[in-house]
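**Q** Structure in structure tokens, see below.
The values are calculated or read from the model by the stated rules, or taken from the named source; none is laboratory data. Just so you know, these numbers come straight off a predicted model, no measurement behind them. Reconstructed Cβ throughout: ideal geometry from the backbone, glycine too, with neighbour counts over all protein chains shown. Areas reflect the complete protein model, heavy atoms only, side chains present, ligands, DNA and RNA absent. Shrake-Rupley method; radii C 1.70, N 1.55, O 1.52, S 1.80 Å.
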Amino acid sequence: MSIEFRAVSYTYPGTRIGVSDIDLAIADGELLAIIGASGSGKSTLLKLLAGFLVPDSGRILVDGKDVTGLKPEDRQLGIVFQNYALFPHMSAAQNVAYPLKMRGIGRPQRLEQARAALVRVGLGDFTERRPATLSGGQQQRVALARSLVFSPRALLLDEPLSALDAALRVGMRDEILKVQRQADIATLHVTHDQEEALSLGDRVAVIAGGRIAQVAPPRELYERPATRAVAAFVGEANLWQGRIAAPGRVALANLDLAADTEGFAPGDVVTVMVRPERIGPAPASGINVFTGAVATDRYLGPTRRVDFAVDGVNVRLHTHVREAFSAISIPPDAIRLLPAD
Ligand SMILES: Nc1ncnc2c1ncn2[C@@H]1O[C@H](COP(=O)(O)OP(=O)(O)OP(=O)(O)O)[C@@H](O)[C@H]1O
């Protein structure tokens, strides 16, 4: 079952803020992660899909059917919120059974289905526990079981891991993916954690200022960002302004870099993007090897983050090398040219 936004726009009444011209399709069984800065419109998109907001224009389809005018309860979507929203006075099984109760399913049958759903998320021994006696991760799994127990047509995850501590968050990613794969339904996962989006998403959508900036598989998004804004938002990046000097050559201040310049003409002004982990200490000469001096050097445990000054250009690099160095190399295939803003 799929999800589709077709030219969806929404503005909050009395403001000019919202989302514009959203075209997004999430295939059956696919997990699409949405990332964006605070206030970029992630939750607004989710509320439009859930039916808590109605678009000013455009249509939303679930499983090919237009749900734009349907009430939230008629959309048959499983939703997991950041704060879980579990009922404190009910056991885990009663919480999970609640959506079935709303759908008029008899008590013995709904409790049996709820227990089975809890077994699927690894909580078979916790069915009678109240939420307050469960850990954050366990509560999140109860919420996940509750969102899936009525076989929803799609799954919406709104920052489901943000209330958990860092180590648990990483472990729960695998849990979410396992359960999502088992349920095999289109899933929209909103997060502000880039690593979570890259590790969980079949594809990742970046939203900025209420518009989709790019949608791509994680590797493509990281290695081939479409714009400077996406490159800056997803991971760390060196972003320099340069000019195409000749086919295969880019001028960057006083530096002359070998790079793939396809798609650009001599004289074009470009943004030159290089990820810091693609740059490393080098022998004194070679292609795109530059001598200079270390300006700052930070120890990060597994790596060092170094700012290296080359002829007035600051080059940020991440390296495992522990020794001192006085030259770096920027491999031509690590250089990505983007249109200048
Ligand atoms: N009810 C509302 N009335 C007016 N403006 C709103 C309302 N709700 C949200 N906004 C504004 O709409 C924009 C998008 O908000 P949204 O909640 O979608 O952002 P978000 O990307 O989910 O942010 P965060 O990561 O902080 O949760 C923000 O500028 C926000 O202030």
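**Q** Show me the strands (runs of 3 or more DSSP E) found entirely inside the range 1-87 where at least 2 residues are within 16 Å of the ligand (Cβ to nearest atom) and under 22 Å from the mean Cα position of the chain (by Cα).
**A** Working: elements: 3-11, 18-26, 31-35, 57-62, 77-80.
Fully inside the range 1-87 and qualifying: 3-11, 18-26, 31-35, 77-80.
**Q** Among the residues of the range 113-122, which ones are part of a helix (DSSP H, G or I) and either without any contact (Cβ under 8 Å) to a residue 60 or more places away in the chain or surrounded by fewer than 17 Cβ atoms within 10 Å (Cβ to Cβ) (or both)?
**A** So the first thing to find is which residues in the range 113-122 are part of a helix (DSSP H, G or I), and the list is 113-120.
Correct list: Gln113, Ala114, Arg115, Ala116, Ala117, Leu118, Val119.
**Q** Further question: Look at Ala132 and say whether it is open to solvent by less than 10 Å² (accessible area, probe 1.4 Å) and at pLDDT 90 or above. Outline the logic, then answer.
**A** On the way: open to solvent by less than 10 Å² (accessible area, probe 1.4 Å): no; at pLDDT 90 or above: yes.
No; evaluated as a whole, the condition is false for this residue.
**Q** Here is a further query. Right, Phe81: within 20 Å of Ile3 (Cβ to Cβ) and open to solvent by 60 Å² or more (accessible area, probe 1.4 Å) or not?
**A** yes
**Q** Among the residues of the range 95-112, which ones are buried (at least 19 other Cβ atoms within 10 Å of the Cβ), of a type outside the set (Gly, Ala, Ser) and within 33 Å of the chain's Cα centre (by Cα)? First the steps, then the outcome.
**A** Looking only at the range 95-112, we keep the residues that are buried (at least 19 other Cβ atoms within 10 Å of the Cβ), and these are 95-97, 99-100, 110-111.
Retained after the next criterion (residues that are of a type outside the set (Gly, Ala, Ser)): 95-96, 99-100, 110-111.
Result: Asn95, Val96, Pro99, Leu100.
**Q** Output the residues belonging to the range 7-30 that are of a type in the set (Val, Ile, Thr) and touching a residue at least 24 places away in the same chain (Cβ under 8 Å).
**A** Going through the range 7-30, the residues of a type in the set (Val, Ile, Thr) turn out to be 8, 11, 15, 17, 19, 22, 26.
Val8, Thr11, Ile17, Val19, Ile22, Ile26 - these are the residues of the range 7-30 that are of a type in the set (Val, Ile, Thr) and touching a residue at least 24 places away in the same chain (Cβ under 8 Å).
**Q** Quick one: how many residues across the range 171-224 are in a helix (DSSP H, G or I), more than 12 Å from the chain's Cα centre (by Cα) and of a type in the set (Asp, Glu)?
**A** Of the residues in that region, 4 qualify.
**Q** Within 16 Å of the ligand (Cβ to nearest atom) and at pLDDT 90 or above - does that describe any residue in the range 145-156? It would help to see each step written out before you state the result.
**A** Our first condition is that a residue be within 16 Å of the ligand (Cβ to nearest atom); within the range 145-156, this holds for 156.
If we keep only those that are at pLDDT 90 or above as well, we get 156.
Among the residues of the range 145-156, at least one is within 16 Å of the ligand (Cβ to nearest atom) and at pLDDT 90 or above, which makes the answer yes.
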